[in-house]
Amino acid sequence: MSIEVTNITKSFGSFKALDNVTLLIKTGELMALLGPSGSGKTTLLRIMAGLEQPDPGSGDIKFHDVDVGNQRVSDRGVGFVFQHYALFRHMTVFENIAFGLRVRPAALRPSRRDIRARVMKLLKLVQLENMAGRRPHQLSGGQRQRIALARALAVEPRVLLLDEPFGALDAKVRQELRRWLRRLHEEIHVTSVFVTHDQDEALEVSDSIVVMNQGRIEQTGTPDEVFHNPKTEFVMHFLGEVNAFHGRGDTHGLRLGSLELPYPEETQPVEGDAKVFIRPYDVTLDTKTHGLPAIEAEVVHVHAAGPLVRVELKTSTDQRLVSEISQERFATMDLTPGTQVYVRLRHIRVFADTGAQKIP
């Protein structure tokens with residue numbers, strides 16, 4: 001079941017939550033709507049579900065080429081999972097999952113035997129078969145969220161929409177559940193859209209990512225595409241830590257202080273002021289130049305706990321930057337605060353400096 005949103009705008013008073021948004025979600029795809037608070041991602045999800053209506057004059061919302069803009073929520077065939085579970089506290093786990101089936105009109109309601117079979121199958125799917133008789137307060141946060149997902153799946157939705165599904169959970173449980181959600185999606189193949197502000201979650205779980213900012217779509221693509229080939233400054237900043245430099249460009253290359261660099265492949269030359277971005281793991285350190293172009297810097301702080309060593313640096317012009325190096329490399333360098341090093345930059349991203357503030 002594909003989802004197509006065309007030229008959708010939504011305002012709340014003078015605040016424009018969505019600004020002419022167009023998006024296609026392919027059948028069987030697991031898509032992440034990623035962005036900071038207020039970017040419009042939850043509003044877009046609720047409009048897909050029918051919980052919000054777009055502004056008059058907006059375009060279409062189609063499920064598999066059928067316009068559902070005027071359909072009620074109950075007629076769209078949507079399973080919706082909320083951040084805070086929204087389970088019925090007075091009902092058992094079994095009753096919560098069965099609820100959507102039992103409230104169907106009599107002509108569409110499955111038999112008791114079929115409802116029981118469906119619920120038990122879902123409990124097995126979410127790996128909580130032994131929890132049927134418990135109530136929500138007897139479950140952990142991760143277990144409650146899996147029950148909420150089972151309840152959404154019970155009605156056999158055409159599409160599954162999840163609003164910050166792991167936002168209320170601690171980091172360890174979030175990590176476990178996002179891996180579980182990926183495996184579950186590979187099994188059930190329901191077209192799914194989930195909202196998140198967690199970059200790691202979107203990159204790990206989704207087939208595709210829509211990066212949103214101020215009611216607009218900044219970029220759409222696979223996790224690899226949006227991370228390694230960001231189309232805007234905002235996407236570059238939002239998808240992980242970056243070092244930012246100001247430089248000058250012309251048709252021949254870039255100049256960062258005394259350092260001259262060629263343009264990366266597929267990068268349009270910049271005439272004049274340029275912004276240059278680089279991830280910490282692409283900042284290479286050495287204690288000698290080896291005759292290669294480099295920036296001289298001083299180590300300010302070393303954080304060696306973890307799989308990578310984080311080295312904070314300061315150049316002679318007081319430019320601050322961060323490098324991440326392997327533990328093996330760190331062991332050969334004897335880096336301490338005050339150590340002089342030479343910095344080389346790999347895999348830079350370049351944007352014209354228009355003066356606009358795009359950092360999230």
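Computed on the Cα trace of the range 158-245, the radius of gyration divided by the Kirkwood hydrodynamic radius gives Rg/Rh = 0.98.
Taking 0.36 nm per residue of separation and subtracting the Cα-Cα distance, full extension of the segment from E298 to F15 would add 97.3 nm.
Counting only C-alpha contacts under 8 Å and six or more residues apart, can you give the relative contact order of the range 286-360 as a whole percent?
36 percent.
Loop-resident trypsin sites (Lys or Arg not before Pro) (DSSP state other than H, G, I, E or B) in the range 78-124 with no more than 14 further Cβ atoms inside 10 Å of their Cβ: R89.
How many percent of the accessible area of the range 276-360 is carbon or sulfur, using a 1.4 Å probe?
Values: 2450 of 4690 Å².
Carbon with sulfur: 52 percent of the solvent-accessible area.
Rounded to the nearest percent, how much of the accessible area of the range 78-173 (1.4 Å probe, protein heavy atoms only) is carbon and sulfur? Ligands and nucleic acids excluded, carbon and sulfur reach 51 percent.
With all protein chains kept in place, the per residue accessible area of the range 240-288 amounts to 55 square angstrom at a probe of 1.4 angstrom. Strictly greater than 21 Å: what percent of every Cα pair in the range 76-144 meets that? For the range 76-144, the share of Cα pairs beyond 21 Å comes to 24 percent. Taking 20 Å as the limit for the C-alpha separation, the pairs K16/K275; K231/K314; K41/K62 exceed it in the case of K16/K275; K231/K314.
For the range 32-46, backbone phi angles converted through the Karplus equation (6.51, -1.76, 1.60; θ = phi - 60°) give residue-by-residue couplings of 9, 9, 10, x, x, 4, x, 7, x, 5, 5, 4, 4, 4, 5 Hz, Gly and Pro being listed as x. Take every Cα pair under 8 Å whose residues are at least 6 apart in sequence, average their separation, divide by the length of the chain, and the relative contact order is 16 percent. Reported value for the range 148-187: 70 Å³ per residue, from the convex hull of its C-alpha atoms.
Using every pair of separate Cα atoms, the Kirkwood estimate puts the hydrodynamic radius of the range 6-119 at 16.6 angstrom.
Rounded to the nearest Hz, the phi-derived 3J(HN,Hα) couplings of the range 280-297 under the Karplus curve 6.51 cos²θ - 1.76 cosθ + 1.60 (θ = phi - 60°) are x, 6, 9, 9, 8, 10, 8, 8, 9, 7, 6, x, 9, x, 7, 9, 7, 8, where x marks glycine and proline. When the Cα atoms of the range 57-177 are aligned to their principal axes, the ranges along those axes come out at 46, 39, 23 Å in descending order. Which residue fluctuates most in the GNM of the chain (Cα springs below 10 Å): I295, I209, I47? Taking springs between Cα atoms under 10 Å, the residue moving most is I295. Annotation: amide H-H contacts under 5 Å for L30 (H modelled 1.01 Å from N, sequence separation of 5 or more, or interchain): S192, D207, S208. Working note: Debye formula, equal point scatterers on the alpha-carbon atoms of the range 108-201, no solvent; log10 I(q)/I(0) at q = 0.14, 0.15, 0.19, 0.25 Å⁻¹ is -0.54, -0.62, -0.98, -1.52.
Note on the chain: along the principal axes its Cα atoms extend 80, 49, 33 Å, ordered by decreasing extent.
I'd like the Kirkwood hydrodynamic radius of the range 115-155, using the inverse of the mean 1/r over distinct C-alpha pairs, in Å.
10.1 Å
The values are calculated or read from the model by the stated rules, or taken from the named source; none is laboratory data. As the structure is a computational prediction, the values presented were derived from the model and not from experiment. Note: ideal-geometry Cβ built from the backbone for every residue, glycine included; neighbour counts use all protein chains shown. For accessibility, only protein heavy atoms count, side chains too; no ligands or nucleic acids. Shrake-Rupley method; radii C 1.70, N 1.55, O 1.52, S 1.80 Å.
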